[in-house]
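Working notes for the structure below.
The values are calculated or read from the model by the stated rules, or taken from the named source; none is laboratory data. Since this is a predicted model, take the numbers as computed values, not measurements. Please note: Cβ atoms are built from the backbone with ideal geometry, for glycine as well, and neighbour counts cover all protein chains shown. Accessible surface areas use protein heavy atoms only, side chains included; no ligands, DNA or RNA. Shrake-Rupley method; radii C 1.70, N 1.55, O 1.52, S 1.80 Å.
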Amino acid sequence: MANVSKLLHNTVDEHFLSNLEADQVLLRNARTKIRAFLRDAFEKSSVQYFGVQVRPKFFTQGSFAYKTLNHPAFPPGQQKDLDDGCYLPLSFVRGEKPSEAAAAFFAFVEAALADLADTEGWTLVKDKATCVRLVISSDGHVDIPLYAIPDGDFRHLEEARNMQKSATLDAKIDSWDALPSDAVLLAHREKDWVESDPRKIYDWFVDAVMLYKERLRHDCRFMKAWRDYHRLDDDGLTSINIMACVWKAYETIRGPFLPSRSDERLLRVVEKVQGFLANDVRIPPCGDENINRMSVEQRKKVVGKLQDLEAKLRETVTKCDDEARAVDLLRAGFGTRVPLRPDLVIIQASPAMTVLSEPRKTVPAPEVGRSVSG
């Protein structure tokens, strides 16, 4: 039996998690430039363009905010990303029909960021349904989703706050009265606006990490790395889907019964996640919304890959008696960012072998007292 916990994570040597770390400097610098440029653009032109002066607010959300960001396994096809929401007060966008307001919001932001992209040598992408994207390098991009938020919330929100959620409304509603008056609305290129408050998922995940500690975040990152290594992002396996299923696995196993060893715990998580991803996935902050958007065929493919991963982890943890073999099994499951470090593997004897290896002991027969039947 091989203990490969130190290959997954340790505090001294190279390990899998350390090899997943993404350099965030370019993303952070780009976020700073984008925010400053958009603030300046709104200050100079919002009265002319919208008829009202407004200063947007920004809130980072997604993997960058959750601290589950990994370096991409196969750039440039896969990229690390930073999602930075741009928020306007709801009263500001209500001057037009919802469809016109959403289109105007996209057009204004795209026009401003096109100038910044030219200056910085970035690429502006306009075909994303819920955001404007700036590709800043071969392995990274920044997405700017556009939101309208109730005026009271807008005044009280702090820019250091992070967010993420998604719940849709009916498409093509062209009356503000038909939209929720107290909801955060996300501009959508086809549906005009969808109800979406990222704070709910952020708060949910932060609470989950407080309960289950960093091991929950680690297991989410391991499973995201597995997804990327097998290119299952092409099959619609999203990061929020993975996070949700890892959390559901923790909830099912329950905290006191989660194995203390990270390799044994990861095996238990993989066992549970298969069943979740084969079906619809729901989590408390999203209500009745199914966040597992994969088709039946995609679900079957992903579950099949998880079964392969479970088999490799199970052989490693319960049968493997060779350090090099244990490393090979882990790399076959999670990819070549698992370090080639057989010295970090601990081979442990099975309980049965431990008993057999003990020297035989002669135990004296117990003394039996005299009994008298009545």
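Details
- Eigenvalues of the alpha-carbon gyration tensor of segment 78-140, scaled by 5 and square-rooted, set the equivalent ellipsoid semi-axes at 25, 13, 10 angstrom, largest first.
- Distance violations [Cα-Cα > 21 Å] among 67/191; 213/319; 33/80; 57/191: 67/191; 213/319; 57/191
- Largest accessible area first, the listed residues 325, 268, 155 line up as 155, 325, 268 when surface is computed with a 1.4 Å probe on the assembled protein chains.
- Percent carbon-and-sulfur accessible area, segment 31-82, ignoring ligands, DNA and RNA, probe 1.4 Å: 51 percent
- Surface per residue (accessible, 1.4 Å probe) for segment 60-113, Å²: 31 Å²
- Seen from a random direction on average, the alpha-carbon convex hull of segment 1-150 projects onto 11.5 square nanometres.
- Percentage of interatomic Cα-Cα distances in segment 183-271 larger than 20 Å: 45 percent
- Between residue 91 and residue 129, the simple spin-label model (points 7 angstrom out along Cα→Cβ) gives 3.3 nm.
- Candidates 287, 236, 333: whichever shows maximal mean-square fluctuation once the chain is modelled as a Gaussian network with Cα springs under 10 Å: 287
- Computed about its Cα centre, the charge dipole of the chain is approximately 1040 debye, with only Lys, Arg, Asp and Glu carrying charge at their Cβ.
- As computed over segment 44-89, the Cα convex hull volume per residue (Å³): 105 Å³
- In terms of overall dimensions, the C-alpha atoms belonging to the chain reach 106, 59, 38 Å along their principal axes, ordered largest to smallest.
- Accessible carbon and sulfur surface of segment 178-259 relative to its total accessible area, %, 1.4 Å: 51 percent
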